[in-house]
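Peer 1: Below is one structure. I have some questions about it.
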């Protein structure tokens, strides 16, 4: 094995794009490990941990660290992949000087919505540009300091704008799915969610029941915390109350701060549009029962939620989640050990587990015989284009090791990954698959008794 | 009106993956070519951007810069105009000592000492300057600017420009022409002789002519010159012609004995108008000074050793970095080895949205500064990314009469990593050499990083 | 016209885009044969062998009018010729080597807020005939009859006029059809927004009359669009004008965009909307 370490100046690509380059390189024959990343302290440490000798480098520089039989061949492929990334930038550059800030993009006049997904420490400036330009903004980035979130939301409130996110990567506006969102049909239900996967669970179940959405506004997982005070949730509720396409509103949140929940409920009481609340950890019940309530209110039948079940034997439940709200919901239903791999501590400097399942697969492989793995798989825009591809072999291996796998599969048939295709692949590999996370958790819990 | 668009057009900034997901949905979008900010600015940026004063402060500051109406109102000796006393010498850029001064700066100071008869020989002048028995002070500290070395001594005459909108006044020396001249550090007998003639003939004649014309509207003149191919830093040919057209009849009336001589001198120097343009830029940027919380750059200046910037929200403090060596074309046999680091207050033109920022207006000089016409357009376009406004009067025909990018925001510089584009002349590094070329220079990022951090964290 | 041209075997090209939810029932039915009815620079029209409407589906690019039966593609249009075989159903449109799937659904039926007649009346001046873009049937007696019949709530006169207008005029979507389409969506949506039940009633009956034999009276594309209009489905350009009339967005820019469509299509649709608006106002003013 030969090693190559180099630091390239004057090249920038976002972390997800570079992760895809790293993965493509690692998949080459004879390549043991490949790290292609911006030289942030975190990535430098990562490369050191992999046994590379790393020269000093700045976060604005590109770090390449390779170990392969044929380093020259790998470098050639690297150049090609980076070239592909750059050629996309050149294409936009030839059409004039491309905007370098959201402020300057907004000045071009066409944009009416902003999606921010730069690293969290830099998201503030871009989001502020949007607020100052009077545009609604969705902050997909996580690791945004809470005081910056508070400031942005207050400013937006003053200016009649709307800040969605941060760290709650979902919104569907005018039919367009921003961040992690499912392919949903248009319909009468407006969603306000301080929870990304919570919104995805409810809207996906509604879609299975043939009911569509008007708007899905993910207001950030901390919105109903004491610090943020529900500013965006209340603003979003009022906006949906004004929206003629919205006949019914669903409000979804992880367990909220009690006094904020109270204030939000006061706003809810004053709306003309009926509201179903699903505030986890309160008396509201789980997301599946909230969905059933919505269907009831619309006079629609509640279907049997699709599932591909298998019997499971007793075992303690280990929750390996990518969605924070789904994780919380499941932990409220069944006792066990739960880890939310979408939490900021796991996503700092690496891709979200809905895009890169590595950490969860490692955790799955480490479970003890007899344990029950409870996992979510979330489909839709932005998510892994084929999660079953990596997950199915891991499930087979786990099953062989006497670990039982129960999966909550959140998505719609219209999603790029296809709900049924994924469900069948996961089921075939040995997992029980439920479209309702609550049912999945109960299934796992039933086995635990 | 609804806030949520029925037909979304999304501005995407960040991960390509999410942009591609929108493309697959046939959602039109405008991608931002985002880069991480300049090194060491993330914390300062967060703080400056969060300052509740910033938005209104910048609006006020840049509004004042845009609305300034510079008028040329007089020509006076520096002793009279600036109250400059014998033994005090002004210079370009941030403060500097004789010890740290570069070749051309030293040469110009020697010349000025000789001009003021404070020494009889070059050696004596050097001793005087090295002995610390003269006072050196930046032009900028006296409401003045000077090209290249920018050395001003009491007997030199100055253009006096008043801002008819906000009432400020700014000064700039008279241009000596090209070749061996004091501002490039030359101090030979012919240089001193020319300066003496400028003091005895040129200055008084211009003063008398201006009394006949009354105040000359420089805002209007600069606007016209931009439409005639000048960018008002490295090309002033059109502006000089327009200026002389205004002055000529008055000169003939007011100073018949010297009119021909004066017109021949000024007409033979395409840069004659650079100095009034600089005073106009100075009076305009000065109008934007002193707004607490504003991240607007109100001065960029170089002394041949350091490149310094000042911010509206931080008074007279300078933030500096090492002056770079310009990249451009060299005269005759000169080359980069002969070049002095960047020098002069003329970057006040860029600070006010002219010069490099208006490069797209001056296709004639793009070769001179080492590029193609497309580069000039790109240079101007890129400056819209770091400026707060577009000038209502200074327009660029080739960009559909779009206003020039004006009002550098140090926060935008840090966010985009784009440094101001500066056009400049290049001085020889050895005192007395004079001009060796002209080109583009990139300011040191340190100066902007330091300014931003001070705005963020200093009381 | 070429039929069933033999092609070399190409790898499949997967296209995605944004589909009108009007085409969802057709798209999600069992696979049915279809053929290319027309292929122009900005759109490919497929005629599907189905009992459902819309039976014609338009594949379009971002530059084209977003018809209520259209799928807006993310990339370029497939290269196909008139008469090429296709298939639609099971969630996918198959066209030669192309496979088209929806990644976004948009609702061609505008949701309007409740609105009073005073507010509606304010919009009439903005909708007055424009000088630059004239409708194709300006001054036509049937149009005059249609306008007066609708305003009086006379189904007989309205249907008599509509029967003369279906298929009247040149092109893929004759002017007469465009006027009727604009009228039908305006009557239905403005009528319900202002709670003028007579206008909605009129829309129902007029829609039934117009769609009854549209398939034999006008072009297949225009007939499908009349079916869509009968259900209140319109292009976003028309929906934007309706939202503008009810104060949801700026009316004048929306109207300008509508008027720019096609040769006279936009002006014809606007004329229909204007007749619908006037009728809602007249019917709403009656005791």
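Peer 1: Using alpha carbon centroids, what distance separates the stretch B:179-215 and the stretch B:81-140, in Å?
Peer 2: Between the Cα centres of the stretch B:179-215 and the stretch B:81-140 lies a distance of 19 Å.
Peer 1: Moving on to the next point. For the stretch C:117-285, just the Cα set please: Rg and Dmax, both in angstrom.
Peer 2: Rg, Dmax (Cα atoms, Å): 14.0, 41.
Peer 1: Same structure, new question: With n ≥ 4 as the cut-off for DSSP H runs, can you work out [θ] at 222 nm for the protein assembly as shown, using -39500 (n - 2.57) per run divided by the number of residues, rounded to the nearest 500?
Peer 2: -12000 deg cm²/dmol
Peer 1: Could you order the peptides A:125-138, C:29-42 from most to least packed, using the average number of other C-beta atoms within 10 Å per residue?
Peer 2: Final packing ranking: A:125-138, C:29-42.
Peer 1: Let me know the mean shielding of B:406-412 by other chains, meaning the per-residue number of their Cβ atoms within 10 Å of its Cβ.
Peer 2: That works out to 1 on average.
Peer 1: Remind me, what semi-axes does the stretch B:158-240 give for its equivalent ellipsoid, largest first in whole Å, using sqrt of 5 times each Cα gyration tensor eigenvalue?
Peer 2: Largest first, the stretch B:158-240 gives 25, 18, 12 Å.
Peer 1: What value does the stretch C:13-106 have for Rg/Rh, both radii from Cα atoms and Rh as Kirkwood defines it?
Peer 2: Reported Rg/Rh (Cα atoms, Kirkwood Rh): 0.90.
Peer 1: Under the rule a/c < 1.5 gives rounded, and otherwise a/b versus b/c splits prolate from oblate, where does the stretch A:2-93 land using the Cα gyration tensor?
Peer 2: In terms of gyration-tensor shape, oblate.
Peer 1: Still on this structure: Given points 7 Å out from each Cα along the Cα-Cβ axis, report the residue C:263 to residue C:49 separation in nanometres with one decimal.
Peer 2: Between residue C:263 and residue C:49, the simple spin-label model gives 3.3 nm.
Peer 1: Just how many % of Cα pairs in the stretch A:89-247 lie over 23 Å apart, if you round to the nearest whole percent?
Peer 2: More than 23 Å apart: 36 percent of the Cα pairs in the stretch A:89-247.
Peer 1: Would you please report the Å³ per residue occupied by the convex hull of the alpha carbon atoms in the protein assembly as shown?
Peer 2: Cα-based convex hull of the protein assembly as shown, divided per residue, equals 212 Å³.
Peer 1: Still on this structure: Please state, as a whole number in µm²/s, the translational diffusion coefficient that the Stokes-Einstein equation yields for chain B at 37 °C and 0.692 mPa s, with Rh defined as the Kirkwood radius across alpha carbon pairs.
Peer 2: Rounded, D is 146 µm²/s.
Peer 1: Something else about it: Give me the angle, in degrees from 0 to 90, between the Cα long axis of helix C:197-212 and the longest principal axis of the Cα atoms of chain C, rounded to the nearest 10.
Peer 2: 40 degrees
Peer 1: Relative contact order, percent, of chain C when contacts are C-alpha pairs under 8 Å separated by at least 6 residues?
Peer 2: In percent, rounded to a whole number, it is 21.
Peer 1: Using only the Cα atoms of the stretch B:146-196, each taken as one equal point scatterer with no solvent, compute I(q) by the Debye sum, divide by I(0), and report log10 of the ratio at q = 0.30, 0.31 Å⁻¹.
Peer 2: Computed log10 I(q)/I(0) values: -1.24, -1.29.
Peer 1: Report, as an integer, the average count of C-beta atoms from other chains found within 10 Å of each Cβ along A:123-134.
Peer 2: 4
Peer 1: If you count, for each residue, the other Cβ atoms within 10 Å and average over each peptide, how do A:218-228, A:359-369 line up from highest to lowest?
Peer 2: A:218-228, A:359-369
Peer 1: Further question: So what's chain C giving for Rg/Rh, alpha carbon basis, Kirkwood Rh from the mean inverse pair distance?
Peer 2: Taking Rh as the inverse mean 1/r over Cα pairs, Rg/Rh reads 0.99.
Peer 1: Does chain A come out rounded, prolate or oblate by the C-alpha gyration tensor, with a ≥ b ≥ c the root eigenvalues, rounded set by a/c under 1.5 and, if not, prolate when a/b is larger than b/c and oblate if not?
Peer 2: Judged from the Cα gyration tensor, chain A comes out oblate (a/c at least 1.5, b/c at or above a/b).
Peer 1: Suppose we keep just the DSSP beta bridges with both residues in the stretch A:167-301; what percent of those would be antiparallel, to 5?
Peer 2: 25 percent
Peer 1: Cα centroid distance between the stretch A:65-80 and the stretch A:310-388, in Å?
Peer 2: Result: 33 Å between the Cα centres.
Peer 1: What per residue convex hull volume, in Å³, comes out for the stretch B:367-453 when only alpha-carbon positions are used?
Peer 2: Expressed per residue, the convex hull around the Cα atoms of the stretch B:367-453 is 125 Å³.
Peer 1: Indicate the gyration tensor shape class of the stretch B:66-279 (rounded, prolate or oblate), computed on the Cα atoms with a ≥ b ≥ c the square roots of the eigenvalues: a/c under 1.5 is rounded; otherwise a/b larger than b/c is prolate and the rest oblate.
Peer 2: Prolate.
Peer 1: Taking the mean number of other Cβ atoms within 10 Å as a proxy for protection, how do you rank B:336-344, C:181-189 from highest to lowest?
Peer 2: In descending order of packing, they fall as C:181-189, B:336-344.
Peer 1: How far is helix B:274-287 tilted off the main Cα axis of chain B, in degrees rounded to 10, range 0 to 90?
Peer 2: 50 degrees
Peer 1: Now, a different point. What is the distance in Å between the Cα centres of the stretch A:181-253 and the stretch A:3-57?
Peer 2: One Cα centre to the other: 38 Å.
Peer 1: Let me know the mean shielding of A:168-177 by other chains, meaning the per-residue number of their Cβ atoms within 10 Å of its Cβ.
Peer 2: Counting other chains' Cβ atoms within 10 Å and averaging over A:168-177 gives 6.
Peer 1: Angle, helix C:175-193 long axis vs. longest principal axis of chain C, Cα atoms, 0 to 90°, nearest 10?
Peer 2: 60 degrees
Peer 1: Dividing the Cα radius of gyration by the Kirkwood radius, what Rg/Rh value follows for the stretch B:67-178?
Peer 2: 1.00
Peer 1: From the Cα trace of the stretch A:307-448, what convex hull volume per residue do you get, rounded to a whole Å³?
Peer 2: In the stretch A:307-448, the Cα convex hull volume per residue is 89 Å³.
Peer 1: Right, another one. Out of all DSSP beta bridges with both ends in the protein assembly as shown, state the antiparallel percent to the nearest 5.
Peer 2: Counting DSSP beta bridges with both partners in the protein assembly as shown, the antiparallel share is about 60 percent.
Peer 1: Report, as a whole number in µm² per second, the diffusion coefficient that Stokes-Einstein gives for the stretch B:118-171 at 4 °C and 1.567 mPa s using the Kirkwood radius over alpha carbon pairs.
Peer 2: Diffusion coefficient, whole number: 97 µm²/s.
Peer 1: Let me ask something else about it. Report the calculated FRET efficiency for residue B:228 and residue B:372 (r = Cβ-Cβ distance, R0 = 22 Å), to the nearest 0.05.
Peer 2: 0.55
No lab work stands behind these numbers, since they all come straight from the coordinates. Quantities reported herein were computed from a predicted structural model and do not represent experimental measurements. Ideal geometry is used to build each Cβ from the backbone, glycine not excepted, and the neighbour counts take in all protein chains shown.
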